[in-house]
Every structure is written in C-alpha cells, then in structure tokens.
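*Asks:* What follows is a single structure, and I will ask about it in a moment.
Computed from the coordinates by the stated procedures, all read-outs in this text should not be read as laboratory data. The model shown is predicted, which means the values in this text are computed figures rather than measured ones. Using ideal geometry, Cβ is built from the backbone for each residue, glycine included, and neighbour counts are taken over all protein chains shown.
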DNA sequence: TTTGGCGATGCAAACGTTAACATCCGTGCA
DNA sequence: TGCACGGATGTTAACGTTTGCATCGCCAAA
C-alpha cells in the first residue's frame with residue numbers, strides 16, 4: 001500500500017525504495033531487483049498526492065479558456081499538450097463559459113497550490129481599482145502566461161504570445177478595400193474581450209487610412225456564437241446603408257453571418273463579402289469557403305506553454321510580448337464589391 | 001504562510017484555524033474575527049496540496065475524451081462541469097488524440113491518487129488477455145463511469161450512460177429507406193471505436209430488415225475527421241453502384257462528406273442524401289442543413305458525472321447502463337431517392 | 001596494516017493539514 | 001452548593017513521501 005510496506009517486504013529502508021522510484025541509478029542492481037519484486041507483489045502505486053505535497057508542487061497547469069469545443073482552441077491545446085507531456089505536467093481546464101472572471105480567482109489557484117501555473121487564454125474582468133482589500137501586495141507574481149488575448153496595462157507585466165490583432169484586422173480590412181468595398185461592417189465580440197476590441201481597432205484604422213467612413217451601426221456587437229452572429233448580421237442587413245462586406249471578429253461568427261445572409265436571400269460573395277479570423281477547420285468546407293486570417297494556433301500553444309515552464313522554474317526571462325505572424329487566407333467568401 | 005503562523009498571530013491553536021476554515025459555525029464569533037484578521041494580515045491561503053493529502057482525496061476528476069475542440073463534446077462537457085462545480089470537483093482533461101490507450105493507463109491515475117475518478121468518453125484499447133503481469137487483481141475497481149461509448153464485455157461492470165447507438169442508427173437508416181433509398185452507404189469511424197461499430201451494426205440491421213443489400217465497398221472506414229470523411233466519400237462516389245444516400249457515423253464526417261459531394265459536382269440532397277449523428281451546432285448552418293440524429297449531450301454529461309460522484313462516495317448503485325433517448329432531426333440534407 | 005574516500009544504504013525530520021481525543025469553562029438543574 | 005453536561009478550544013498524532021545527514025563496508029593507495 002505505502003512505501004513502508006514495500007520497504008519492509010524488500011528488506012530495505014523507505015529511503016531506498018524512494019530512491020529506486022526516483023533515481024534508480026543510485027541503487028545497486030541487486031537491491032533494485034528486490035525492490036521491484038516487492039512492488040510487483042504488493043501492487044504498490046506511489047501516492048502522487050503525498051509526493052506532490054512533499055515536493056511542494058502539483059505538476060498541474062490551469063488553462064483558462066472561454067469555452068472548450070472551440071475548434072480554434074483545439075489547435076492551440078494541441079500545442080500546449082505537446083509541451084506539457086514533454087515536461088510532465090497535466091492540464092486542468094477551466095472553462096469560463098465566456099464570462100470574464102476576476103484575475104484573483106485564477107491566481108489564487110496558484111497560491112493555494114492547486115496548480116503550478118496558469119495559461120490564460122481568455123479575457124478577464126477589468127481590475128476595479130479601489131477594492132476594499134489590498135490586492136495581495138504581499139504575494140509575489142504567480143507564474144502566468146497570456147496567450148491569444150491582447151493585454152491590458154495591468155497585465156503586461158506577464159509574458160504573452162499572440163498575433164498582432166490590430167495589424168491583422170487592418171490587413172483583412174485592407175484586402176476588402178482593395179476589392180473595391182467601401183461600406184464595410186464589423187461584427188465584434190462582447191465588449192469585455194480585448195481581443196475583439198483590438199481587431200475592431202485594426203478595422204477602424206484601415207478604414208480611416210483609406211478615408212472611408214464607418215457609419216454608425218456598421219459595427220455591431222454580438223455574442224461570440226453562431227446565434228449571436230446571426231442576430232448581429234440581421235441588424236447589419238437592415239441598415240439603411242447596407243455594407244457590401246462584413247468583417248467578423250472570428251470564424252465562428254463568420255459562419256453564422258454567412259448562414260444568415262443566405263437565409264435573407266442574398267449571395268456570398270456576390271452581394272456581400274465575408275471575412276473571418278482564426279481559420280478553423282470548418283472555414284474551408286463552408287459554402288462558400290471562408291476567407292479568413294489564420295493564426296499559427298499550435299505554435300501559439302506551444303510557445304505559451306514553454307514560457308510558462310520557464311516562469312515556473314523561475315528563470316524569469318523577458319516578459320515582452322511574443323508576436324507571431326498571421327496570414328490572410330483568401331478563399332471564396334470575398335469578391336469584388338458589387339457595383 | 002502556513003496555518004501555524006495564522007494560529008500564532010490570532011492567538012489560537014491550529015485546530016481552531018482549521019475549524020474556522022472548514023466549519024466556521026463551530027467557532028465562536030469573537031474567535032472568528034481574530035482568525036479572519038490574522039488571515040487577512042498574512043495573506044494566508046490554505047495549502048490545497050496538504051489538505052488533499054491529509055484527506056486522501058484529490059477532488060479531481062479525469063475526463064478522457066478523443067479530442068477537445070469537438071463541438072459535440074463541448075455540450076457534454078457543459079453538463080459535466082455543472083455537476084463538478086456543484087460537487088466541488090475540478091476537471092482534468094485527458095485528450096487521447098483519438099488513439100485508444102490502455103485501460104490501465106487511466107485506472108492508474110486513481111490508484112496513484114492523481115484523481116478521484118474517471119469519466120471515460122473515449123474508446124480504449126481492447127484488452128489483450130494473456131498479458132505478463134496479472135491484471136492488478138489485488139486492486140479494487142476504481143470509480144469509473146463510461147459515457148457515450150458503447151461498452152465491451154470487459155467494461156460492462158461499470159456504470160455507463162449513452163444512447164442506444166444500434167437503435168438510433170437503425171432509425172436513421174430506416175428513415176432513408178422510407179425515402180426510397182435502396183443503395184445506402186455508411187461511413188464508419190476507425191475500427192477501434194465501439195461507438196461507430198454499434199452505429200454500423202444498426203445500419204446493417206435496418207438494411208437487413210428491409211431486405212436491402214449492403215454491397216461490398218458501401219461501408220467505408222474513415223478517420224473521424226473532415227479529411228478522413230472526404231477520402232471515404234471519394235471512395236463511395238467512385239463505387240460502381242454509387243449509393244444514393246450516405247449515413248455518416250457522426251456529424252463531423254457528414255460535413256466532410258457533403259463538402260466532398262459538392263466538390264464532385266453533385267447535389268445534396270438531390271443526387272445524394274446525407275445523414276449524420278450528434279447534432280453539433282454546425283449541422284444546421286450547413287448548406288444544406290444537415291439531417292442528423294441528436295443525442296442529449298448535456299444530459300449525458302450531467303448523468304455520467306452524477307453517477308461518478310456516487311461511485312466515488314462508494315454508494316455502489318446498480319451498474320446498469322443508462323440509456324438516454326435519441327431523436328431524429330430532419331433537415332434538408334435528405335430527400336427522396338432520385339429515380 | 002592502516003587510512004582515506006566513496007558508493008550504497010539507513011535514520012529520522014519535515015512538509016501543512018485534519019481530526020480524534022483531551023481539556024477547560026460556564027451554565028442550568030437538582 | 002455541587003454536579004453534569006455541552007460548547008469552545010487546545011494537543012498531538014498521523015497521512016506518505018523525500019532528503020539531509022549519518023553510517024557502514026569496501027577498495028585502493030600509502
């Protein structure tokens with residue numbers, strides 16, 4: 001049952017069994033055999049709980065994300081897992097259900113030793129400054145790495161890995177403008193998401209640069225779901241100056257938008273061009289295949305996880321944001337503006 | 001830092017602090033205040049590792065699934081999470097990357113106290129019987145509940161929650177037959193998945209009952225991905241007796257199939273009807289919207305988790321399989337057979 | 001033969017918490 | 001006034017592992 005029984009049975013001390021388990025090369029061949037057979041006989045399995053307790057680490061990483069089942073995040077997770085396996089961490093997934101939670105809610109998981117580090121792939125509640133209790137000033141910064149999301153001033157002390165959302169969205173918008181579109185709408189996510197906020201910023205920037213107006217009502221906020229995008233699209237379609245192109249803050253919403261446009265009896269891209277963001281796997285099997293901006297999802301996952309490992313080991317490297325490249329993928333959901 | 005410091009600062013014993021933390025009602029108002037202010041002052045956070053170790057439980061549940069990012073599993077997870085939160089469990093996700101692993105690999109996580117229980121939503125490697133080491137005969141059955149997947153004889157000692165895959169697939173096939181289809185193909189998942197195996201069984205059963213032949217080459221095995229389904233569909237389309245309808249073992253593959261059929265210049269459902277399984281959220285925004293068989297995903301998640309909690313608490317209820325109802329959702333990807 | 005050194009192993013403390021048991025004190029009742 | 005009872009709190013062992021230090025024995029060099 002416990003290491004003691006094994007030790008007793010093998011006629012050695014608990015220390016030796018422990019060493020056999022963790023540093024086999026430290027124990028002599030003859031002893032190794034004895035210990036192993038005692039282990040076999042008892043069916044002993046080391047108590048991870050006790051081990052972790054003793055070592056003061058959990059070997060657990062919390063990954064905070066808006067929702068599992070997001071086809072884009074699946075790819076990010078793949079990268080995370082690769083590194084986690086390699087480094088001996090297990091992954092605890094925390095689904096925020098697209099709500100933004102308090103930052104402390106997650107950091108506490110580290111302070112209370114529920115996890116060794118945090119990978120934040122979701123947006124968090126904005127700090128409300130004048131809170132009653134002091135913001136845990138007596139605690140050091142826990143190991144946290146931010147991925148995907150853009151970052152508020154409060155958080156930029158942590159390492160982060162992401163694409164340049166502003167530039168990427170500007171690229172996408174610019175592409176639409178090149179196609180001759182002048183009335184371009186934007187479907188944003190909820191306001192609390194910095195990520196979609198940055199993409200909106202990029203969209204506005206490109207419009208401004210091209211000296212195109214952004215009519216009020218062209219930027220609509222939707223929940224980041226198919227249904228949310230459909231509602232948003234309906235609003236856009238009934239606008240008195242209906243856009244000829246729609247930029248969606250992510251592919252999920254783009255799929256919803258296309259569906260709704262077709263439902264309204266319009267054609268994509270002949271009547272309205274649609275462009276998404278993320279390049280999820282469903283993008284290319286859509287009808288029409290979705291033009292979108294790809295992020296190197298797996299790479300982002302891998303890099304965030306690597307930096308987290310560094311942060312945990314205390315090798316507090318630079319906390320500069322790592323920017324990875326995005327890429328416009330042109331498919332069939334965009335075309336020249338109708339005349 | 002530790003409970004001792006807090007106790008010292010508050011002028012009470014560690015036991016009192018512990019009681020305050022776990023059963024506040026046991027400690028007098030006056031003491032409570034003292035303790036709380038000591039906690040505030042020190043910024044103390046209970047060490048979960050130590051607590052779990054002492055209590056002998058991890059408060060962790062492993063959910064084993066083929067892949068995160070599966071839109072269907074997302075709904076199942078939602079149900080799981082609801083119960084987990086309610087019962088104070090955290091969820092450790094284990095992604096098998098669609099490989100089937102050894103059963104022991106998971107049960108060991110319980111024996112080594114990495115988790116309190118296991119929710120198995122993926123298929124596992126078939127037992128190879130004559131293994132060298134005795135199959136842990138000295139260990140009791142760990143708390144495991146099976147969800148979604150059909151179950152081998154070796155595993156039916158564990159509780160499980162699922163739809164009747166055979167009957168459901170038979171229903172779907174029957175519906176196609178009713179529409180006048182006689183040549184019906186079936187795209188299965190990999191052979192190691194019992195789930196798709198059962199669905200195939202249901203398909204064959206319905207065909208047999210209708211006295212329709214299943215030509216060799218009408219049942220094709222694909223990886224359970226869009227690309228896998230596309231390959232499988234190509235094989236089906238080039239069959240000398242091309243099916244007029246295709247039953248896909250899940251929606252993901254059905255989406256791939258529809259895409260490939262359209263690529264080949266054929267129309268869904270005019271030339272070929274397609275039916276899926278699961279009713280993922282993308283099913284209804286497909287073009288055409290996908291006819292499919294819905295499973296009560298969230299309910300399945302909730303029920304599996306509840307049974308797991310029971311199993312952990314040792315109230316070893318009946319280990320009968322719970323069968324939840326499926327439902328045929330008719331959309332536009334199916335139509336009368338072409339004449 | 002003695003001695004120094006080293007590899008292998010044993011001993012025992014420590015990690016932070018909980019909980020069984022002991023103790024203390026006040027209150028109500030006989 | 002004494003006693004019993006119960007609520008509040010204290011004392012302490014225990015959970016299973018790791019690890020610093022001590023010990024033991026063996027071999028090589030002097």
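*Asks:* Given points 7 Å out from each Cα along the Cα-Cβ axis, report the residue B:1 to residue B:14 separation in nanometres with one decimal.
*Replies:* Taking the simple label geometry, residue B:1 and residue B:14 are separated by 1.4 nm.
*Asks:* Could I have the simple spin-label model distance between residue A:191 and residue B:154, label points 7 Å from Cα toward Cβ, reported in nm to one decimal?
*Replies:* Using points 7 Å along Cα→Cβ, the separation is 5.7 nm.
*Asks:* Now, a different point. Set the Förster radius R0 to 45 Å, insert the Cβ-Cβ distance between residue A:321 and residue A:97 as r into 1/(1 + (r/R0)^6), and round the FRET efficiency to 0.05.
*Replies:* The calculated FRET efficiency here is 0.95.
*Asks:* I've got another one for you. Only Cα pairs within less than 10 Å get springs; with that Gaussian network setup on chain A, which residue of A:268, A:27, A:324 has the largest fluctuation?
*Replies:* A:27
*Asks:* Where does the protein assembly as shown land on the Kirkwood hydrodynamic radius, alpha-carbon pairs, in angstrom?
*Replies:* Kirkwood hydrodynamic radius for the protein assembly as shown: 27.7 Å.
*Asks:* Sorted from fewest to most neighbouring beta carbons within 10 Å, what does the list B:282, B:106 look like?
*Replies:* Arranged by neighbour count, lowest to highest, B:282, B:106 become B:106, B:282.
*Asks:* Return the tail of the calculated pair distribution for the stretch A:235-278, meaning the percent of Cα-Cα pairs more than 17 Å apart.
*Replies:* Considering the stretch A:235-278, 22 percent of its Cα-Cα pairs are separated by more than 17 Å.
*Asks:* Given points 7 Å out from each Cα along the Cα-Cβ axis, report the residue B:328 to residue B:40 separation in nanometres with one decimal.
*Replies:* Label at residue B:328, label at residue B:40, 6.6 nm between them.
*Asks:* Please report the antiparallel percentage of the DSSP beta bridges confined to the protein assembly as shown, to the nearest 5.
*Replies:* The antiparallel proportion sits near 10 percent.
*Asks:* If you build a Gaussian network model of chain B, linking Cα atoms that sit under 10 Å apart, which residue out of B:124, B:285, B:184 swings the most?
*Replies:* For chain B, modelled as a Gaussian network with Cα springs under 10 Å, the answer is B:285.
*Asks:* Nearest-5 percent of antiparallel DSSP beta bridges in chain B? Can you show the working numbers first?
*Replies:* Details: 3 of 34 bridges.
If I count the DSSP bridges inside chain B, around 10 percent turn out antiparallel.
*Asks:* Further question: For the stretch A:226-335, just run the numbers: alpha carbon Rg, then divide by 2.2 N^0.38 Å, N being how many residues it has.
*Replies:* Working it through for the stretch A:226-335, the quotient is 1.37.
*Asks:* Please report A:1, A:77 as a ranked list, fewest other C-beta atoms within 10 angstrom at the top and most at the bottom.
*Replies:* So the ranking, lowest neighbour count to highest, is A:1, A:77.
*Asks:* Find the relative contact order for the stretch B:165-295 and round it to a whole percent, using C-alpha pairs within less than 8 Å whose residues are 6+ positions apart.
*Replies:* On the way: 248 pairs, mean separation 31.3, N = 131.
After rounding, I find 24 percent.
*Asks:* Within 10 Å of each residue's Cβ, count the other Cβ atoms and sort B:239, A:259 from fewest upward.
*Replies:* B:239, A:259
*Asks:* Is any residue of the stretch A:1-41 close enough, with backbone N under 15 Å, to a label point placed 7 angstrom from the Cα of residue A:55 along the Cα-Cβ axis, and if so, which?
*Replies:* Only A:18-24 pass the distance filter.
*Asks:* When the helices in chain B are scored as -39500 (n - 2.57) per DSSP H run of 4 or longer and the sum is shared across all residues, what 222 nm value do you end up with, to the nearest 500 deg cm²/dmol?
*Replies:* That comes out to -12500 deg cm²/dmol.
*Asks:* Quick check on the stretch A:165-294: what does the Kirkwood estimate of hydrodynamic radius come out to from the alpha carbon pairs, in Å?
*Replies:* For the stretch A:165-294, the Kirkwood estimate is 13.9 Å.
*Asks:* Can you list the equivalent-ellipsoid semi-axes of chain B, largest first and in whole Å, using the square root of 5 times each Cα gyration tensor eigenvalue? Mind dumping the intermediate values first?
*Replies:* Values: eigenvalues 511, 92, 51 Å².
Each semi-axis is the square root of five times an eigenvalue, giving 51, 22, 16 Å.
*Asks:* Counting only Cα atoms, I'd like the Rg/Rh figure for the stretch A:3-46, Kirkwood definition for Rh.
*Replies:* Value, to two decimals: 0.90.
*Asks:* List, shortest first and in nm to one decimal, how far the label point of residue A:332 (7 Å from Cα along Cα→Cβ) is from its counterparts in the other copies.
*Replies:* Copy-to-copy label distances for residue A:332: 1.6 nm.
*Asks:* Any chance you could list P(r) for the stretch B:1-94, counting all Cα-Cα pairs in 5 angstrom bins from zero, rounded to whole %?
*Replies:* All Cα pairs considered, the percentages come to 3, 12, 18, 15, 12, 11, 10, 8, 7, 4, 1.
*Asks:* If you stretched the chain out fully between residue B:30 and residue B:271, how much longer would it get, using 0.36 nm times the residue separation minus the C-alpha to C-alpha distance? Spell out each step's value before the answer.
*Replies:* Values: separation 241, 0.36 × 241 = 86.76 nm, distance 7.93 nm.
So the chain would gain 78.8 nm between residue B:30 and residue B:271.
*Asks:* Can you tell me, using C-alpha contacts under 8 Å and at least 6 residues apart, the relative contact order of chain B as a whole percent?
*Replies:* Contact order relative to length: 18 percent.
*Asks:* Using a Gaussian network for chain B with springs between C-alpha atoms less than 10 Å apart, which of these wobbles most: B:55, B:162, B:208?
*Replies:* Top of the fluctuation ranking is B:55.
*Asks:* For residue A:171 and residue A:86, what does the FRET efficiency come to when R0 = 35 Å and r is the distance between their Cβ atoms, rounded to the nearest 0.05?
*Replies:* 0.55
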